[in-house]
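J.: This structure is in structure tokens; I'll ask about it shortly.
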Amino acid sequence: MIDIRNVSKEFRMGETVVRALDDVSLSIDKGEFVVVLGPSGSGKSTLLNMISALDTATRGEILINGKDIVKQSRQQHFVYRRQNVSFIFQTFNLFPTLTALENVQFGVDVRGGTRRNSTDIAEKQLTDVGLGSRMGHFPHELSGGEQQRVAIARALATGNPILLADEPTGELDFNTGIQILRLLQAHAAAGTTTLVVTHNREISRIADRVVELSSGKIVSDGAPKAGKADISELSW
């Protein structure tokens, strides 16, 4: 489903060229749950931005169902994201003038849902992330962890075939984090191709595959070293 071929991404800072991704190749199948590990600056978030077409590669190909999105126009990227990609942003990216419910509804509306349908879906997703009693609150009335859960609910509500998550449990306590990981696992089991970027190595234990990045290069790619763990075995 996702086929990344020899992708590099370079940024120019004055006279210096910074290579955020360096000749990266990676294939991910439909429904795989992949955890991407690496230190800050290793290229993890850049990789998600390439797959979501929020940024474009300097070189290489990114094929989604056989189509190279690197060569597409900005308008084609917009349509591609709307129809294919759900993104859980590390910085939440909630609309400050919309309630939690309206923020999640927005994701469904953009995907093409009806108003009644989007309300039902938004209410279910917010309940699933433990915010059933906070639907009418605005982002400034929510804690950081609650805002993160609204962002997760919005991404899950779209029902897109690719789910990209940048540190989705970073603001959450352990129990809430486990609840969210169970939701992500369930979506992957239902066929959603799921990539989770995290600093938390413990989360990689429940992945189908673990990809490690360092200085923009893939340094390892495979199943968890000790075998795939049940989510009930995690602790951090």
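The values are calculated or read from the model by the stated rules, or taken from the named source; none is laboratory data. Quantities reported herein were computed from a predicted structural model and do not represent experimental measurements. Please note: Cβ atoms are built from the backbone with ideal geometry, for glycine as well, and neighbour counts cover all protein chains shown.
J.: Condition check: surrounded by fewer than 15 Cβ atoms within 10 Å (Cβ to Cβ), more than 15 Å from the chain's Cα centre (by Cα), of a type in the set (Gly, Ala, Ser) and closer than 22 Å to residue 186 by Cβ. Does residue 136 satisfy that? Working first, answer last.
T.: Values: surrounded by fewer than 15 Cβ atoms within 10 Å (Cβ to Cβ): yes; more than 15 Å from the chain's Cα centre (by Cα): yes; of a type in the set (Gly, Ala, Ser): yes; closer than 22 Å to residue 186 by Cβ: no.
For residue 136, the condition - surrounded by fewer than 15 Cβ atoms within 10 Å (Cβ to Cβ), more than 15 Å from the chain's Cα centre (by Cα), of a type in the set (Gly, Ala, Ser) and closer than 22 Å to residue 186 by Cβ - is not met.
J.: Next question. For residue 60, state whether it is buried (at least 22 other Cβ atoms within 10 Å of the Cβ), among the small types (Gly, Ala, Ser), closer than 26 Å to residue 220 by Cβ and touching a Lys or Arg at 6+ places or on another chain (Cβ under 9 Å).
T.: Details: buried (at least 22 other Cβ atoms within 10 Å of the Cβ): no; among the small types (Gly, Ala, Ser): yes; closer than 26 Å to residue 220 by Cβ: yes; touching a Lys or Arg at 6+ places or on another chain (Cβ under 9 Å): yes.
Answer is no for this residue.
J.: Go through the range 1-18 residue by residue and tally those that are at pLDDT below 95 and more than 26 Å from residue 188 (Cβ to Cβ).
T.: Our first condition is that a residue be at pLDDT below 95; within the range 1-18, this holds for 1, 11-18.
Within this subset, residues satisfying the condition of being more than 26 Å from residue 188 (Cβ to Cβ) are 11-18.
Matching residues across the range 1-18 total 8.
J.: To continue, here is another question. With the condition kept exactly as written, say whether any residue in the range 26-49 is more than 30 Å from residue 153 (Cβ to Cβ) and either in contact (Cβ under 8 Å) with a residue 60 or more places away in the chain or within 17 Å of the chain's Cα centre (by Cα) (or both).
T.: No, the range 26-49 contains no residue that is more than 30 Å from residue 153 (Cβ to Cβ) and either in contact (Cβ under 8 Å) with a residue 60 or more places away in the chain or within 17 Å of the chain's Cα centre (by Cα) (or both).
J.: Does residue 70 meet the test of being modelled with pLDDT of 95 or more, surrounded by 15 or more Cβ atoms within 10 Å (Cβ to Cβ) and either of a type outside the set (A, V, I, L, M) or closer than 24 Å to residue 209 by Cα (or both)? So that I can check it myself, show each step before the final result.
T.: Numbers: modelled with pLDDT of 95 or more: yes; surrounded by 15 or more Cβ atoms within 10 Å (Cβ to Cβ): yes; either of a type outside the set (A, V, I, L, M) or closer than 24 Å to residue 209 by Cα (or both): no.
No: the conditions fail for residue 70.
J.: Sticking with this one: Could you run through the range 73-88 and say how many residues are in contact (Cβ under 8 Å) with a residue 40 or more places away in the chain, surrounded by fewer than 20 Cβ atoms within 10 Å (Cβ to Cβ) and outside any helix (DSSP H, G or I)?
T.: 0
J.: Please enumerate the residues belonging to the range 154-192 that are of a type in the set (S, T, N, Q) and closer than 20 Å to residue 121 by Cβ.
T.: 158, 160, 179, 185, 192
J.: Within the range 207-223, can you find the residues that are under 17 Å from residue 29 (Cβ atoms) and either surrounded by 14 or more Cβ atoms within 10 Å (Cβ to Cβ) or charged (D, E, K, R) (or both)?
T.: 207, 208, 209, 210, 211, 218, 221
J.: Could you please find all residues in the range 7-38 being surrounded by fewer than 13 Cβ atoms within 10 Å (Cβ to Cβ), closer than 18 Å to residue 222 by Cα and not hydroxyl-bearing (Ser, Thr, Tyr)?
T.: Start the filter on the range 7-38 by keeping residues that are surrounded by fewer than 13 Cβ atoms within 10 Å (Cβ to Cβ), which leaves 11-18, 27, 29.
If we keep only those that are closer than 18 Å to residue 222 by Cα too, we end up with 27, 29.
Passing the criteria: only 29.
J.: Go through the range 25-54 and report how many residues are out of contact with any strand residue (DSSP E or B) (no Cβ under 7 Å at 6 or more places or on another chain), under 20 Å from residue 199 (Cα atoms) and modelled with pLDDT of 95 or more.
T.: Of the residues in the range 25-54, 1 are out of contact with any strand residue (DSSP E or B) (no Cβ under 7 Å at 6 or more places or on another chain), under 20 Å from residue 199 (Cα atoms) and modelled with pLDDT of 95 or more.
J.: Further question on the same structure: Can you tell me which condition residue 4 does not meet? The list is (1) farther than 22 Å from residue 216 by Cβ; (2) in a strand (DSSP E or B); (3) free of Cβ contacts under 8 Å to residues at least 60 places away in the same chain, and all the others hold.
T.: Result: residue 4 passes all but (1).
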